[in-house]
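Step one of this worksheet: look at the structure below.
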Amino acid sequence: MEDAKVTYKFKLTIKEEVLKKMEVITSEYHNELAGLLFGTVSKEEININDIIFPLQVVSGSSVDIDEKDILKIRKDNPNWKNFIGLWHSHMIMGAWFSGGEGDES
């Protein structure tokens, strides 16, 4: 059976402040790091307006987010309803779903 291909066409907008935070994180730290993305999603557009970096244990090839800190952020952040996803760097590695990110192979 062939793998089905799905194509999505949408506009992605990342607030300049958020992009700068991501650029600093990826240029200044030599470990993987993760952030919680906040914004809006529609069929035509994804807008990323904020990123929060929870407590985490990191290395050059892995990142483990503190679940208790995520619960605290969820409780303390009135913007939680706008949580849209998780971002993390792969440093010098390419982009793919690595273990723990949904790749069950």
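Setting aside same-chain residues fewer than 8 positions from Lys68, which lysines have a Cα under 20 Å from its Cα?
Partners within reach: Lys81.
Do any chymotrypsin sites (Phe, Trp or Tyr not before Pro) in the stretch 1-76 lie in a DSSP loop with no more than 13 other beta carbon atoms within 10 Å, and if so, which?
Here the sparse-neighbourhood loop sites are Tyr8, Phe10, Tyr29.
Any aspartates and glutamates with Cα under 19 Å of the Lys11 Cα? List them, leaving off those in the same chain fewer than 8 positions away.
Glu44, Glu45, Asp50
Enumerate by residue number the trypsin sites (Lys or Arg not before Pro) in the stretch 1-71 meeting two conditions: DSSP loop (anything except H, G, I, E, B), and at most 16 other Cβ atoms within 10 Å of the site's Cβ.
Passing sites in the stretch 1-71 are Lys5, Lys9, Lys15, Lys43.
Just so you know, all these numbers are worked out from the coordinates, no wet-lab data involved. As the structure is a prediction and not an experimental result, all values here were calculated from the model. When we count neighbours, we look across all protein chains shown, and the Cβ atoms used for this are built from the backbone with ideal geometry, even at glycine.
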